Amino acid sequence: DTDTTYTITLESVLAGHENWVYAVHWQPSFYKDGSMRQPMRILSASMDKTVIIWEPDKESGVWLEQASVRVGEVGGNTLGFFDGQFSPDGSMIIAYAFHGALHLWKQAAINKKEWTPEVVISGHFNSVEDVKWDPEGEFVVSVGSDQTTRLFAPWKRKQETEVTWHEIARPQVHGYDMRCLAMIGRFQFVSGADEKVLRVFRAPKNFIENFSNITGIPMEKLCSQQSSDLPEGATVPALGLSNKAVFEGDMSVQPTVDEETFNTISNQYPEIYFQPLILTEPPPEDHLLQNTLWPEIQKLYGHGYEIFCVACNNSNTVIASACKASKKEHAAVILWSTTSWKKLQSLPFHNLTVTQLAFSPNDEFLLAVSRDRNWSLWRKQDSAEPGPVFTCCAYTDKNTALHSRIIWTCDWTPDSKYFITGSRDKKVIIWGQCDLSVTAEGNMLDSIKPCSAVLDAGDSVTAVGISRVLTPDGRYIIAVGLENGKISLYTWKQSGQDPAPADWTTCVELDDSQSHALAVKRLCWRPHAGRAGHNDQKNGEWLQLASCGADHCVKIFNVNRSAL
């Protein structure tokens, strides 16, 4: 056993990064002509928002920076890179950033020193709390504890038949964890975070144009209003939380900044980062961060604690919202007008946090479910007041409650006759019948009872969703999501007896690979039959179900309704 002595000398110091260097990798070796070759190329990734490729100079042999890939110079919202890797042949680089985002670059074919950003998968990097389809069923919007609101849509490539889903906009990059959202029509939404205000956002012109390019839906079908008065995009001031609209006139050329003026704070954080992009494919991460924000058009003040849930009615005229509460006075549901953005009404009833709100499809009822283990049903009254007035027409109390733990979730059948509740006690119950023929004065308290057998879901129920489209033989299709991540599909039909014995049919329990790994936070069916991006509404064979979970995932399922 002989000792081997090595001498190591310093070959070169690669000075180029201005912050911590988190990763250094050699380009992978490869076989050529029967022998292993090691390319003399090193990749380094740093917190200074750059990834650098180093190579020895052909003549002098000195190691030099051959290419530096810099992520868009973004306001205060990104940090640098944790790691980077070459592809096996060295023609691509992938890097992942502090906020969990992947960045992909490809070497240009002609100028080898040029690297261009490529389409890469992206998504939330913390629990996804809520997901909603737009009313036309062309895209989904999700909010998460990673403080972002993201918009995913199918990308229709020109020649190809395959449709893949991508994040095409990030309308809100916030300073608080996001909690809930509701669409107000097609290109407007309201979101709630761990703060007391609700914020309303409207799509800018640049988004609608790019959405049209990526999804292949013509602009004429998308723009109902005059798009000329829409802002181009939005930007967030350096220390602010509100997305400000950017109009065409605002986007003048930024003056070149010399060293001295750069050092003043206002120049390090210029007000306008937004640059309008013409996109034909999903945008890379740095554009998502700064060029796809939606302008905030309104704040709604009125709640005393962090917003917990929000809903919008189907005619897009009223928003209902509720906040975290441990007292009756804070647990009131507030109704807002979407035209004046004024508070219309406060609906006090529950004693603890209202966990979900749902308007019936015909807009006649508003359902609230709560941590106090009860639900309340509110009915729209005809009144001379501007905007609807809701009064409580039915509820459960400690004598009539069937749920013994927090009710997490609720939804309506498409005909507005029945509603469903799901609770931590593992029970799913369908209630009804919500009959409008009962006179307005008459209380519906006695007429609304459990209409289904109690379904034992096997674990705490955290999400339910009822499809707007029935099975071919007229049964309701119900998705149930559990705290353990499982999603199951059931069908239900009201049968003659009271309460019906065998009215639930278990259709499919998704296996572990398809389900979520942690709690299912929301289930939302596409409002129409067919698959987004596929023009197959006519045959009505397919439905789509969107789900989101605490495992950071948003999933879209294709469900064959004739197989249920």
Check your understanding: Each residue of the range 275-288 in order: what ³J(HN,Hα) in whole Hz does its phi give by Karplus 6.51 cos²θ - 1.76 cosθ + 1.60, θ = phi - 60°, with x for Gly and Pro?
Key -> 10, x, 10, 9, 9, 10, 9, x, x, x, 3, 5, 6, 4
Check your understanding: Hey, what angle do you get for helix 205-215 against the long axis of the chain, alpha-carbon based, 0 to 90 degrees rounded to 10?
Key -> 90 degrees
Check your understanding: Accessible area per residue of the chain at 1.4 Å probe, in Å²?
Key -> 47 Å²
Review point. Computed over the Cα atoms, what is the radius of gyration of the range 406-563 divided by 2.2 N^0.38 Å, N being its residue count?
Key: 1.06
Practice item. Pop out the ³J(HN,Hα) list for the range 307-324 in order, Karplus 6.51 cos²θ - 1.76 cosθ + 1.60 with θ = phi - 60°, rounded to Hz; leave Gly and Pro as x. Key: 4, 10, 8, 8, 8, 10, 6, 6, 8, 6, 10, 10, 10, 10, 9, 8, 10, 4
Study note, to complete from the structure: Taking alpha-carbon centroids only, the range 488-564 lies from the range 289-353 a number of Å equal to 28 Å
Review point. Which of the lysines could a cross-linker bridge to residue 205, judged by Cα under 18 Å and excluding same-chain residues fewer than eight apart?
Key: 221, 244
Check your understanding: Using modelled amide H (1.01 Å from N, peptide plane; none on Pro or chain starts), what sits under 5 Å from the amide H of residue 356, excluding residues fewer than 5 places away?
Key -> 369
Study note, to complete from the structure: Here the alpha-carbon Rg of the chain over 2.2 N^0.38 Å rounds to 1.12
Practice item. Taking a cut-off of 20 Å between Cα atoms, list the aspartates and glutamates near residue 398, but don't count ones fewer than 8 places away on the same chain. Key: 329, 372, 425, 446
Review point. Which residues' amide hydrogens lie under 5 Å from the amide hydrogen of residue 507, considering only partners 5 or more residues apart or on another chain, with H built in the peptide plane?
Key: 489, 490, 491
Review point. Per residue and in cubic angstrom, what volume does the convex hull of the Cα atoms of the range 21-117 have?
Key: 110 Å³
Check your understanding: residue 555: which lysines have alpha carbons under 18 Å from its alpha carbon, excluding same-chain residues fewer than 8 sequence positions away?
Key -> 132, 486, 521
Check your understanding: Can you count the Lys pairs in the range 21-117 whose Cα atoms are under 20 Å apart, with each pair 8 or more apart or on different chains?
Key -> 4
Practice item. Please report, as a whole percent, how much of the solvent-accessible surface of the chain comes from carbon and sulfur atoms (probe radius 1.4 Å). Key: 50 percent
Exercise for review: For residue 463, enumerate residues with amide H under 5 Å from its amide H, sequence gap 5+ or separate chain, H modeled in the peptide plane.
Suggested key: 481
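The values are calculated or read from the model by the stated rules, or taken from the named source; none is laboratory data. Just so we're clear, the structure is a prediction, and the values are computed from it rather than from any experiment. Side chains are part of the model used for accessible areas, which takes the heavy atoms of the whole protein and leaves out ligands, DNA and RNA. Shrake-Rupley method; radii C 1.70, N 1.55, O 1.52, S 1.80 Å.
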